[in-house]
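J.: Structure provided below as structure tokens; questions to follow.
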Amino acid sequence: MRKNIVAGNWKMNKSLQEGIELAKGLNEALAGETQNCDVVICTPYIHLASVTPLVDAAKIGVGAENCANKESGAYTGEISASMIASTGAKYVILGHSERRAYYHETAELLAEKVKLALANGLTPIFCIGEVLEEREAEKQNEVVYAQLAGSLFDLSVEDFSKIILAYEPVWAIGTGKTASAAQAQEIHSYIRSVVADKFGKEVAENTSILYGGSCKASNAKELFSNLDVDGGLIGGAALKVADFKGIIDAFNK
């Protein structure tokens with residue numbers, strides 16, 4: 001059975017003190033409630049060791065926003081998958097469009113990161129998606145196929161089955177634009193078909209595919225009602241407890 005998941009990506013926001021307060025607030029908001037989805041918060045590195053022990057692990061998973069493609073060594077400023085795991089965090093976002101665009105992360109580099117994350121017991125939330133020009137040229141299927149194939153097709157069935165996918169239409173991130181529910185379902189269905197062709201129907205049916213791109217409380221229920229949309233990777237709306245909880249509640253109504 002694949003899981004419904006709402007994951008927050010804090011990006012480069014919140015001081016350590018603000019992050020602790022946000023995590024505490026979310027923990028309190030979810031206390032005593034029955035959730036119909038898994039909840040994950042992916043924070044800046046400096047928050048991980050403080051936030052992980054603060055939250056109820058049965059309610060909230062914690063993850064990083066990136067990791068290095070090396071195990072250890074003379075790589076000043078980098079943070080390894082094993083370091084992330086040592087904080088108690090269980091997840092890591094890899095391949096986010098901002099990492100691909102601003103830091104020129106390649107498919108090969110991301111393949112290395114995925115393997116190190118898995119080797120250290122982390123669950124990758126692996127992001128794929130097209131930019132506006134590619135969508136307008138109707139190349140979105142071609143783009144996401146290449147991103148999947150370039151970084152994940154060398155994995156064993158067992159390893160691939162540990163991965164969460166997140167489709168992010170890059171043209172909808174932080175722009176206020178959102179893929180329509182029909183557009184989201186169409187490409188999520190295509191992604192699942194690619195996984196089925198490569199790794200088998202059972203694995204595809206058990207793979208959670210999240211939507212990421214200006215998802216908020218007002219549109220989450222419509223997006224999540226699609227057969228192949230299993231939740232969201234949330235940016236701006238993850239930075240306020242009420243906004244984030246409104247999206248989580250889309251699975252509870």
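J.: Within segment 161-182, track down each residue that is modelled with pLDDT of 90 or more, of a type in the set (Val, Ile, Thr) and in a loop (DSSP other than H, G, I, E, B).
T.: Across segment 161-182, the qualifying residue is only Ile163.
J.: If you don't mind, another one. Among the numbered criteria (1) within 15 Å of Val39 (Cα to Cα); (2) buried (at least 18 other Cβ atoms within 10 Å of the Cβ); (3) of a type in the set (Gly, Ala, Ser); (4) more than 15 Å from the chain's Cα centre (by Cα), which single criterion is violated by Ser208?
T.: If we test Ser208 against (1) within 15 Å of Val39 (Cα to Cα); (2) buried (at least 18 other Cβ atoms within 10 Å of the Cβ); (3) of a type in the set (Gly, Ala, Ser); (4) more than 15 Å from the chain's Cα centre (by Cα), just (4) comes out false.
J.: For Gly77, all conditions in the list (1) loosely packed, with under 14 Cβ neighbours inside 10 Å; (2) in contact (Cβ under 8 Å) with a residue 12 or more places away in the chain; (3) over 30 Å from His188 (Cα atoms); (4) not aromatic (Phe, Trp, Tyr) hold save one; what is the number of the exception?
T.: Gly77 satisfies every listed condition except (2).
J.: Could you tell me whether any residue of segment 208-226 is in a helix (DSSP H, G or I) and among the β-branched types (Val, Ile, Thr)?
T.: For segment 208-226, residues in a helix (DSSP H, G or I) and among the β-branched types (Val, Ile, Thr): absent.
J.: What is the one condition in (1) surrounded by fewer than 20 Cβ atoms within 10 Å (Cβ to Cβ); (2) over 23 Å from Met12 (Cβ atoms) that Ala85 does not satisfy?
T.: (2)
Okay, residues lined up against (1) surrounded by fewer than 22 Cβ atoms within 10 Å (Cβ to Cβ); (2) within 14 Å of the chain's Cα centre (by Cα); (3) hydroxyl-bearing (Ser, Thr, Tyr); (4) modelled with pLDDT under 95:
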{"residue": "Gly19", "(1), (2), (3), (4)": "no, no, no, no"}
{"residue": "Asn27", "(1), (2), (3), (4)": "yes, no, no, no"}
{"residue": "Leu30", "(1), (2), (3), (4)": "yes, no, no, no"}
{"residue": "Val40", "(1), (2), (3), (4)": "no, yes, no, no"}
{"residue": "His47", "(1), (2), (3), (4)": "no, no, no, no"}
{"residue": "Val55", "(1), (2), (3), (4)": "yes, no, no, no"}
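J.: Tell me yes or no: at least one residue of segment 127-148 is among the charged types (D, E, K, R), in contact with a helix residue (DSSP H, G or I) (Cβ under 9 Å, 6 or more places away or on another chain), outside any helix (DSSP H, G or I) and without any contact (Cβ under 8 Å) to a residue 60 or more places away in the chain.
T.: Within segment 127-148 (the criterion being among the charged types (D, E, K, R), in contact with a helix residue (DSSP H, G or I) (Cβ under 9 Å, 6 or more places away or on another chain), outside any helix (DSSP H, G or I) and without any contact (Cβ under 8 Å) to a residue 60 or more places away in the chain), the answer is yes, since at least one residue qualifies.
J.: May I pose another question? Just to be sure, is Lys216 without any contact (Cβ under 8 Å) to a residue 60 or more places away in the chain, surrounded by fewer than 21 Cβ atoms within 10 Å (Cβ to Cβ) and within 17 Å of the chain's Cα centre (by Cα)?
T.: For Lys216, the condition - without any contact (Cβ under 8 Å) to a residue 60 or more places away in the chain, surrounded by fewer than 21 Cβ atoms within 10 Å (Cβ to Cβ) and within 17 Å of the chain's Cα centre (by Cα) - is met.
J.: While we're here: Given the conditions (1) free of Cβ contacts under 8 Å to residues at least 40 places away in the same chain; (2) within 22 Å of Cys37 (Cα to Cα), report the number of the one that Gly235 does not fulfil.
T.: Against the list (1) free of Cβ contacts under 8 Å to residues at least 40 places away in the same chain; (2) within 22 Å of Cys37 (Cα to Cα), Gly235 comes up short only on (1).
J.: Another question, if that's okay. Just wondering, is there one or more residues in segment 168-185 that are within 16 Å of the chain's Cα centre (by Cα), buried (at least 17 other Cβ atoms within 10 Å of the Cβ) and among the aromatic types (Phe, Trp, Tyr)?
T.: no
The values are calculated or read from the model by the stated rules, or taken from the named source; none is laboratory data. As the structure is a computational prediction, the values presented were derived from the model and not from experiment. When we count neighbours, we look across all protein chains shown, and the Cβ atoms used for this are built from the backbone with ideal geometry, even at glycine.
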